[in-house]
Amino acid sequence: MELILIGLHAGIGEIGALSFLWVFIELLSPNLQRVARAKVAAMIGVVALFTSWIIGGYYYVTFYGANVKPAIKAGPMPWAHLVMTETKEHVFLFLPFLAILILGLIHAHKEQLLKGERIKSILILSLLVFLISMAMAGMGYMISSGFRSAIT
Amino acid sequence: MKKINPQALARSTSFTIILIVIMTIWSELHSAFKGVLTDMSGHHWVSKGIISLVFFAIMYFLMHKKAVGHDAKQCEMGPVWMTVAGGLIIFIFYLWHYLAA
């Protein structure tokens, strides 16, 4: 059960990350079709990040705290929990709101985007969501390494 | 989708990120506050998420009828700076917390 939850959390989170990379690429040179596709990509990203939040949250509250956290803290890499998990679980909370913001900005600025205006903030935000999501995956790797090193 | 006020949305996002950073650090420094959060939902992290969602919705509801001002462009960059600063503050706080222990 835990492995399935971790896989779904990471996989759906990556779909969210790639959706915002897709938004970034579409808006580098916007036209009617690209703006429409960027909106679809942002919608997929919002749904994916909220789903990843719920699944990851369920795993974190149900399994991680009872089994994984004590093992990591007692193992050779306690920082994997004390720095990485703590940072990951709280910085992750930014992502769903940033995702909603990007979708809202694309919707609100549709006309300006076609004229090449108001793109900068959406491009930067999309890239930021992609990079933070990738950083989440990297921190997830360090956390699982901390657990593996503790049980071997 | 109804007409969206981008400025209100950007400000709501910025304020929500600030709230998350404050709740994160405050709950680590004051166990009583962490206890209140835990009592709310059974887990402090779940409570932070619920509070953030409700706060975001209330902020947008309160601000969405305000006319879009001249500083709209700068306003939309606000969440970028808040995200970078907030992420760094949280990471440095936990690093400091770990090294100081």
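Here B:Phe61 fulfils each of the conditions (1) loosely packed, with under 15 Cβ neighbours inside 10 Å; (2) within 11 Å of chain A (Cβ to nearest Cβ) apart from (2). When we screen A:Ile132, A:Ile119 for residues that are of a type outside the set (Ser, Thr, Tyr), in contact with a Leu (Cβ under 7 Å, 6 or more places away or on another chain) and at pLDDT 95 or above, the only hit is A:Ile132. Are any of the residues in the range B:10-30 over 13 Å from the mean Cα position of the chain (by Cα), more than 9 Å from chain A (Cβ to nearest Cβ) and over 19 Å from A:Glu86 (Cβ atoms)? Within the range B:10-30 (the criterion being over 13 Å from the mean Cα position of the chain (by Cα), more than 9 Å from chain A (Cβ to nearest Cβ) and over 19 Å from A:Glu86 (Cβ atoms)), the answer is no, since none of the residues qualifies.
Quick one: is B:Pro6 facing chain A (nearest Cβ under 9 Å), under 12 Å from A:Phe94 (Cβ atoms), touching a helix residue (DSSP H, G or I) at 6+ places or on another chain (Cβ under 6 Å) and surrounded by 19 or more Cβ atoms within 10 Å (Cβ to Cβ)? Taking the combined requirement at face value, the residue does not satisfy it. The set of residues in the range B:5-45 that are touching a His at 6+ places or on another chain (Cβ under 7 Å) and either at pLDDT 95 or above or assigned to a helix (DSSP H, G or I) (or both) comprises B:Pro6, B:Ala8, B:Ile20, B:Thr24, B:Ser27, B:Glu28, B:Lys34, B:Leu37, B:Thr38. The residue list A:Gly7, A:Gly45, A:Gly56 contains one member that is within 21 Å of A:Met142 (Cα to Cα) and touching a residue at least 12 places away in the same chain (Cβ under 8 Å), which is A:Gly56. Each residue in the range B:12-52 was checked for being touching a residue at least 40 places away in the same chain (Cβ under 8 Å), touching a helix residue (DSSP H, G or I) at 6+ places or on another chain (Cβ under 6 Å) and under 23 Å from A:Ser126 (Cβ atoms), and 8 of them qualify. Please go through the range B:64-73 and give me each residue that is without any contact (Cβ under 8 Å) to a residue 40 or more places away in the chain and either facing chain A (nearest Cβ under 9 Å) or among the hydrophobic types (A, V, I, L, M, F, W, C) (or both), ordered by number. Answer for the range B:64-73, where residues must be without any contact (Cβ under 8 Å) to a residue 40 or more places away in the chain and either facing chain A (nearest Cβ under 9 Å) or among the hydrophobic types (A, V, I, L, M, F, W, C) (or both): B:Ala67, B:Lys73.
Only residues that are surrounded by fewer than 19 Cβ atoms within 10 Å (Cβ to Cβ) and in a helix (DSSP H, G or I) were counted across the range A:23-34, and they come to 4. Specify the residue that is farthest from the chain's Cα centre (by Cα); the eligible residues are those in the range A:58-85 that are facing another protein chain (nearest Cβ under 8 Å) and surrounded by 20 or more Cβ atoms within 10 Å (Cβ to Cβ). Filtering the range A:58-85 for residues that are facing another protein chain (nearest Cβ under 8 Å) and surrounded by 20 or more Cβ atoms within 10 Å (Cβ to Cβ), the one farthest from the chain's Cα centre (by Cα) comes out as A:Leu82.
Summed over the range A:107-152, residues that are more than 14 Å from chain B (Cβ to nearest Cβ) and either surrounded by 14 or more Cβ atoms within 10 Å (Cβ to Cβ) or in a helix (DSSP H, G or I) (or both) total 11. For the range B:46-75, the set of residues classified as among the small types (Gly, Ala, Ser), in a helix (DSSP H, G or I) and at pLDDT below 95 consists of B:Ala72 only.
The values are calculated or read from the model by the stated rules, or taken from the named source; none is laboratory data. Since we're looking at a predicted model, the values are computed, not measured. In this analysis, Cβ positions are derived from the backbone assuming ideal geometry, glycine residues included, and neighbour counts consider all displayed protein chains.
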